[in-house]
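Following: one structure in structure tokens, then a few remarks.
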Protein chains: 2
Amino acid sequence: MSLINETHDINLTSWVSSANNAECDFPIQNLPFAEFRTKGTDEAFRGGVAIGDQVIDLVKLSHLNIFTGDAKTALDAASESTLNTFMGLGQQYWSALRLALSKALREGAQQQKEIESTLITQADIEFSLPCRIGDYTDFYTSIYHATAVGSLFRPDNPLLPNYKWVPIGYHGRSSSIDVSGQTFHRPQGQTKAPDADVPSFGPCKRLDYELELGIYLGKGNALGDAIAIENAENHVFGFCVFNDWSARDLQAWEYQPLGPFLAKNFASTVSPWIVTTEALAPYRTSWTRDENDPQPMEYLESAANREQGAFDIQMDVKIQTEKMRSEGHSPTRVSTSSFKHSYWTVAQMVTHHTVNGCNFMPGDMLGSGTQSGPTHEEAGSLLELSRGGKEKITLSNGEQRSFLEDGDNVIMRGWCEKSGFARIGFGSVESTVLAAK
Amino acid sequence: MSLINETHDINLTSWVSSANNAECDFPIQNLPFAEFRTKGTDEAFRGGVAIGDQVIDLVKLSHLNIFTGDAKTALDAASESTLNTFMGLGQQYWSALRLALSKALREGAQQQKEIESTLITQADIEFSLPCRIGDYTDFYTSIYHATAVGSLFRPDNPLLPNYKWVPIGYHGRSSSIDVSGQTFHRPQGQTKAPDADVPSFGPCKRLDYELELGIYLGKGNALGDAIAIENAENHVFGFCVFNDWSARDLQAWEYQPLGPFLAKNFASTVSPWIVTTEALAPYRTSWTRDENDPQPMEYLESAANREQGAFDIQMDVKIQTEKMRSEGHSPTRVSTSSFKHSYWTVAQMVTHHTVNGCNFMPGDMLGSGTQSGPTHEEAGSLLELSRGGKEKITLSNGEQRSFLEDGDNVIMRGWCEKSGFARIGFGSVESTVLAAK
């Protein structure tokens, strides 16, 4: 079943001329959602949709009373100070609003003059989290990451026996998730050197980023009601780029037997825009499982998942040190990867998470896990790039890094492109490491 | 420093005569908070305080305009549909409201007639969760539980090297936490028998309870601001009894390397009343660390924590099977324990959790971890009582259990008592296992 509709047509152009630039992250085929306000003010945050270098203020758009039916219901919800209500409405409403926005922004749209009054330049805004994230779960879907990290922790047994059967995940902390621009102090904690008799306390020495996608749940499910894989994507509102910061030395000492804790919950940063699942329809791709690997259990298997369960979302990571900033050096790209390498699909994550009856709420978030690709250059963390801290990578100004240093700014981007369809961008998530307090 | 004040005086009696019964959970020295409404109605939930077999409706009390100053501010907040605002006000406001309520409920109080109009019988009410639990973290503070469970999973290495240094904890799921009375279907999922080549899918065969305390955070901290141990308890609003249901067979297969996930997030159940930290002042007790064990690191150490960091809260577990209910058999008590056995104190949990800068929000909850005591009879789970499922326990009607069966009702209680002080009860948390869907 094709998920492509008229909103994906590459020939659509917008009367917002900046949206028609082929390099733009936010063409009329994208239409991602965020929560914003005018920069430096104490205005209330409200929903917005990106178009070119502009944002539509959904509160103002709602006041114009142009949309009707499901699109109007959806618009009113999306104009609130968090997107949770809108996300909870479900696919029918999300699609209705997308179609209405697409029509209203097309070249020749009748309401152009009125809608122009709702636009604000992206350079003039600031963001909050797009929604209240009740629960956050981090998955571990890149087998390349799992194998590389596993071989550092357990050289003789890098990939555990459950990996190819279970979409491994664990619960994360919601309170410390913030939006791009977040700064945080280098975490302190207990670590134990391999040759030390006892642990010591101090600032993390192996601070790392993790290149992930954030996956936002839309409509929830009641406790006890598993979500079948055929229905899983109806619960997935959209995606962002997600930096799941990690303190590797804290993790190594604390994580047995109950998993990562203080190594993870000091900060996690999302990109501001949620690119909807519908916008990504052209970038769906088939999902296969190597014939030598176990095939998924029945509850994780469907024809649609095989046919188009994967998403070809490209991602990269750049680092700009404090010295680079002061000397005017551009950030250095240190790796690039794609979500299409994921060993498990989004639908499989959703279905597995709920198969025991666990309930989702609108706005809950799943992390994809670090999206490392098959080659070393596609590694999604410094732990992998530096081979466990043993090799330094060299930045464009000659500085070297095995792990992050104070003042380092990490920038992650996501985008989709292929012939015959408009390029879809996620924008970026960036954040700077401050010295330990 | 003594934390005892006039509200703890054993000689106080209330004009609500049921509160003066020595066996009562809710004497005037307790005054716990919940969210309630009249049973079977769609009234809005609002804050309430237990006194004897009655509840004070805080909305009605607020309308009487009897309290002033901090007590009035606190009362208005506590009458909302969740306790989060009240919990976020901090110790000064919690204490002011407690003192005002204590005075207003004492025998001879001037406002007795007016306040009588705000009472409703506990038999006529139903509860919601007392607050919005943003994040839930489960600790693992009973060394007896950790050793017993560890010896089942890792006979040669039951207690991992980090246990005596790190208050081990992991993030849990908030969405599936509900209040006493919760029912849930036996979870389904992947398990792998030790002698099987591949995993299989089906209903959990080793369903268990965990006897825990829930610890509610009050005032939060900003991201990046660690909470010093001297200040930790100012952030702790109160306690409940908490059943952290566990699917042992799911856990054994899924938990490596990132910790328990679907084995835990299908349901967790709290008792409705939050007993405040202040109410528990008479039951504070000294905390010691065996001299042969590592002493806590500096950030986890304080004189006050040594002197009165522990809480002597007694707890027990009863089971009533479906057959017992139909035959009129009372529940069988299967174990009893105390929180005083905890290897780490609440203050140490709070300080450790935030030492890396992690932020708490009002209403966040910590689980104490299963509170098994030093003897087999004090085990806080069936996994321990049945020695990994190898021995069945016999209930009072002759039925036997190694793990829970469909229809089993599990009842947990908490209470404090000692000479010279009023008995303080937590009430109970109970919940029934339904068949897999």
(request) Report, in degrees rounded to the nearest 10, the 0 to 90 angle that the Cα long axis of helix B:91-105 makes with the longest principal axis of chain B. (result) 60 degrees
(request) Would you mind estimating how fast region B:271-402 diffuses translationally, via Stokes-Einstein at 25 °C and 0.890 mPa s with the Kirkwood radius over Cα pairs, in µm²/s? (result) 140 µm²/s
(message) Spelling out what I want: for every residue of region B:44-54, take phi, set θ = phi - 60°, compute 6.51 cos²θ - 1.76 cosθ + 1.60 (Karplus), and round to whole Hz; glycine and proline get x.
(response) 5, 5, 8, x, x, 10, 7, 9, x, 9, 10
(message) Using a label point 7 Å beyond Cα on the Cα-Cβ vector, give me the inter-copy distances for B:Gly181 in nanometres, one decimal, shortest first.
(response) 4.4
(request) Whole number please: convex hull volume per residue, Cα atoms of region B:165-259, in Å³. (result) 165 Å³
(message) How far, in whole Å, is the closest Cβ of chain B from the axis that maps B onto A, and which residue does it belong to?
(response) B:Gly259, 1
(message) What's the ranking of A:244-251, A:287-294, A:336-343 by average number of surrounding C-beta atoms within 10 Å, highest first?
(response) A:244-251, A:336-343, A:287-294
(request) Calculate the length of the line joining the C-alpha centroid of region B:400-415 to that of region B:371-388, in whole Å. (result) 13 Å
(request) Over 21 Å between C-alpha atoms is what I'm after, so list which of B:Lys323/B:Lys390; A:Lys72/A:Lys219; A:Lys219/B:Lys219; A:Lys192/B:Lys219 land there. (result) B:Lys323/B:Lys390; A:Lys219/B:Lys219; A:Lys192/B:Lys219
(request) Give me Rg over Rh for region A:136-434, both radii from the alpha carbons and Rh done the Kirkwood way, two decimal places. (result) 0.96
(request) Quick one: angle between helix A:69-78 and the longest Cα principal axis of chain A, in degrees between 0 and 90, rounded to 10, please. (result) 40 degrees
(request) Any chance you could give the angle, 0 to 90 degrees and rounded to 10, that helix A:143-153 forms with the longest Cα principal axis of chain A? (result) 30 degrees
(request) From zero up to wherever the largest Cα-Cα distance of region A:169-320 sits, split into 5 Å bins and tell me the percent of pairs in each. (result) 2, 7, 13, 16, 15, 15, 14, 9, 6, 3, 1, 0
(message) Assume the label is 7 Å from Cα along Cα to beta carbon: what separations in nm does B:Ala22 have to the matching positions in the other copies?
(response) 8.9
(request) Arrange the peptides B:129-135, A:179-185 so that the one whose residues have, on average, the most other Cβ atoms within 10 Å appears first. (result) B:129-135, A:179-185
(request) Among A:Pro257, A:Gly134, A:Phe33, flag the residue with its Cα farthest along the positive direction of the charge dipole of chain A, charges on Cβ as +1 for Lys/Arg and -1 for Asp/Glu. (result) A:Pro257
(message) Just checking the output field for A:260-270: average partner chain Cβ neighbours within 10 Å of each residue's Cβ?
(response) 5
(request) With a Förster radius of 60 Å, plug the Cβ-Cβ distance of B:Glu417 and A:Asp195 into 1/(1 + (r/R0)^6) and report the FRET value to the nearest 0.05. (result) 0.75
(message) I need the peptides A:359-367, B:427-435 ranked by packing, meaning the mean over residues of other C-beta atoms within 10 angstrom, with the highest value on top.
(response) A:359-367, B:427-435
(request) Work out how much length A:Asp9 to A:Ala436 would gain on full extension: take 0.36 nm times their residue separation and subtract the Cα-Cα distance, in nm to one decimal. (result) 148.8 nm
(message) Please compute, for peptide A:218-231, the average count of beta-carbon atoms on other protein chains lying within 10 Å of each residue's beta-carbon.
(response) 2
(request) Sticking to Cα atoms, compute the Rg of region B:6-128 to one decimal and its Dmax as the biggest Cα-Cα distance, whole number, in Å. (result) 13.4, 40
(message) Distance cut-off 29 Å, Cα to Cα: go down the list B:Lys392/B:Lys437; B:Lys60/B:Lys318; A:Lys60/A:Lys318; A:Lys164/B:Lys437; A:Lys437/B:Lys264 and report the pairs above it.
(response) B:Lys60/B:Lys318; A:Lys60/A:Lys318; A:Lys437/B:Lys264
(message) Suppose each label sits 7 Å from its Cα in the direction of the beta carbon; what would the B:Asn397-A:Glu377 distance come out to in nanometres?
(response) 7.0 nm
(message) Need the C-alpha centroid separation for region B:211-277 versus region B:86-107, integer Å.
(response) 25 Å
(request) Compute log10 of I(q)/I(0) for region A:369-437 with the Debye formula, placing one identical point scatterer on every Cα and leaving out solvent, at q = 0.20, 0.27 Å⁻¹, to two decimals. (result) -1.03, -1.29
(request) Run the numbers on chain B and let me know its relative contact order in percent, using alpha-carbon pairs under 8 Å that are six or more apart. (result) 21 percent
(message) Given the DSSP H assignment, sum -39500 (n - 2.57) over each helix run of at least 4 residues in the protein assembly as shown and divide by its residue total; what's the result at 222 nm in deg cm²/dmol, nearest 500?
(response) -5000 deg cm²/dmol
(message) I'm a student and want to see the number: the projected area of the Cα convex hull of the protein assembly as shown, averaged over all directions, in nm².
(response) 37.5 nm²
(message) Suppose every Lys and Arg Cβ carries +1 and every Asp and Glu Cβ carries -1, with no other charges. What dipole size does chain B come out with about its Cα centre, to the nearest 20 debye?
(response) 340 debye
(request) Give the nm distances, rounded to one decimal, from B:Gln92 to the matching residue in every other copy, measuring between label points 7 Å along Cα toward the beta carbon; shortest first. (result) 5.2
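Readers should treat all values here as calculations from the given coordinates under stated rules, not as data from a laboratory. These numbers come from a predicted model, not from an experiment. Neighbour counts are summed over all protein chains in view; Cβ atoms, including those assigned to glycine, are modelled from backbone coordinates with ideal geometry.
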